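The values are calculated or read from the model by the stated rules, or taken from the named source; none is laboratory data. Because the structure is predicted, anything quoted here is derived from the model rather than measured. Cβ placement follows ideal geometry from the backbone for every residue including glycine, while neighbour counts extend to all protein chains displayed.
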Amino acid sequence: MKKAGVTLVDVAKLAGVSVMTASRALSGEGYASEETRTKVQAAAKQLGYTPNALARMMKGGKTNVIGVVVNDLTSSVINCFVTALSEEVRKVDMDLFIYNSLGDLGDGKGKRVSQMLHGLWDGLVYVLPRMTDDYLETLEKSSSPIVLINYFRHETSLPVVRGDNVNGAHDAVSHLVELGHRRIGFIRGNAYTGQSDLREQGYVKALSDAGIELDPALVYQGNFSEQSGMDGGHHLLSLAEPPTAIFAASDAMAQGAMTAIREKGLRIPEDISVIGFDDIPSAAMTRPPLTTLRHPFDAMAHATVQELVRRIKGEPGRRHRIEFPSEFVVRESTGPAPAGSSSKRSRLRRV
């Protein structure tokens, strides 16, 4: 515990060096020999002295803090990213602070938030899939080191670390085709983030590759929520010729669809198969466990922190866009198309 009244002057006096040397030794900025650095750090530990991050910030120094900005702490996907980022930040001996924007940072709020955050942290990670165009423009003009996670809506000059959506969705629907399904429903999320559109592209491409004509009646507009998945499930099952499988653009919507299926008295996967996307923690605990696509949160967090640290140090970034393949996780919610359905097995043409 830091003793009351202990200052950098006290540390320098105990270590037998100047205050400037003690400051350099503790901050890592400027030259200090390893012997001096060890001596000053020992004195600081003995006195219980901890450098004041706010004071360093006011002097234009480094705070050794990375900030992460999110807009929905109730999101399981965002929480997975934040947890993984926390582990990676510790590995580089820095601290992580979280700012919850509670929205999309539109209507001028984004500029105010950007001004407030500038200088408080050495670098910023944004996990804001619902970022407005105005706020993106504000960030692009910022001098702060910034990395975006899972941003898909527009092209940007900022570095982006993201998971692949198109090929992941293609793998999911191809799996269903290989199981004999030909009427495959799709529950899309809202278009604002760009992710749902990409997952729909994979869905459409997989059907086309298998020679299956797209039926617009099998596509339902959801909003990534479990309730919209349940509504979508009821809608698809009420069709004159319902699907034998449902692919949802998120695990939450897939779980909602599974509820609708059970309410209809149908079995999963004997009567209808279900696939989600994201592999949130609850996906493995549904009954039956949900087949889904997984973005590698740990690997993406590692790449994000490494890219950000390079930029904090003034080093050139390695890549402008870092994209990770989705992993297809097959569980028990998918199975062969039910006998007697209109589904017929077809040979899948891989690309």
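A few notes on this one:
- The numbered conditions (1) free of Cβ contacts under 8 Å to residues at least 24 places away in the same chain; (2) surrounded by 24 or more Cβ atoms within 10 Å (Cβ to Cβ) are all true for Ala217 except (2).
- Only one entry of Val219, Val177, Val173, Val160 meets the criterion of being more than 18 Å from Phe247 (Cβ to Cβ) and in contact with a strand residue (DSSP E or B) (Cβ under 8 Å, 6 or more places away or on another chain), and that entry is Val160.
- Cβ-Cβ under 7 Å pairs, at least 6 apart or on other chains, region 1-14 side acidic (Asp, Glu), far side modelled with pLDDT of 85 or more: Asp10/Leu47
- Residue match in region 237-250 (condition: free of Cβ contacts under 8 Å to residues at least 12 places away in the same chain, in a helix (DSSP H, G or I) and either touching a helix residue (DSSP H, G or I) at 6+ places or on another chain (Cβ under 7 Å) or of a type in the set (Gly, Ala, Ser) (or both)): no
- Leu85 vs. criteria modelled with pLDDT of 90 or more and not assigned by TED's automatic domain parsing to the domain that holds Leu128: no
- The residue that is surrounded by the most Cβ atoms within 10 Å (Cβ to Cβ), among those in region 255-276 that are touching a Gly at 6+ places or on another chain (Cβ under 7 Å) and closer than 17 Å to Leu239 by Cβ, is Ala257.
- The set of residues in region 106-127 that are at pLDDT below 75, crowded, with 16+ Cβ neighbours inside 10 Å and in a loop (DSSP other than H, G, I, E, B) contains only Leu120.
- Test result for Ser144, in a loop (DSSP other than H, G, I, E, B), surrounded by fewer than 22 Cβ atoms within 10 Å (Cβ to Cβ), on the phi < 0 side of the Ramachandran plot and in contact with a strand residue (DSSP E or B) (Cβ under 8 Å, 6 or more places away or on another chain): yes
- Only one of the listed residues (Gly276, Gly335, Gly317, Gly340) is at pLDDT 95 or above and either touching an Asp or Glu at 6+ places or on another chain (Cβ under 6 Å) or at positive phi (or both). That residue is Gly276.
- Residues that are in contact with a Lys or Arg (Cβ under 9 Å, 6 or more places away or on another chain) and closer than 23 Å to Glu241 by Cα within region 191-206 comprise Glu200, Tyr203, listed in sequence order.
- Whenever a residue of region 137-164 is small (Gly, Ala, Ser), its partners that are part of a loop (DSSP other than H, G, I, E, B), lying with C-beta atoms within less than 6 angstrom and at least six residues away or across chains, give the pairs Gly163/His295; Gly163/Ser326.
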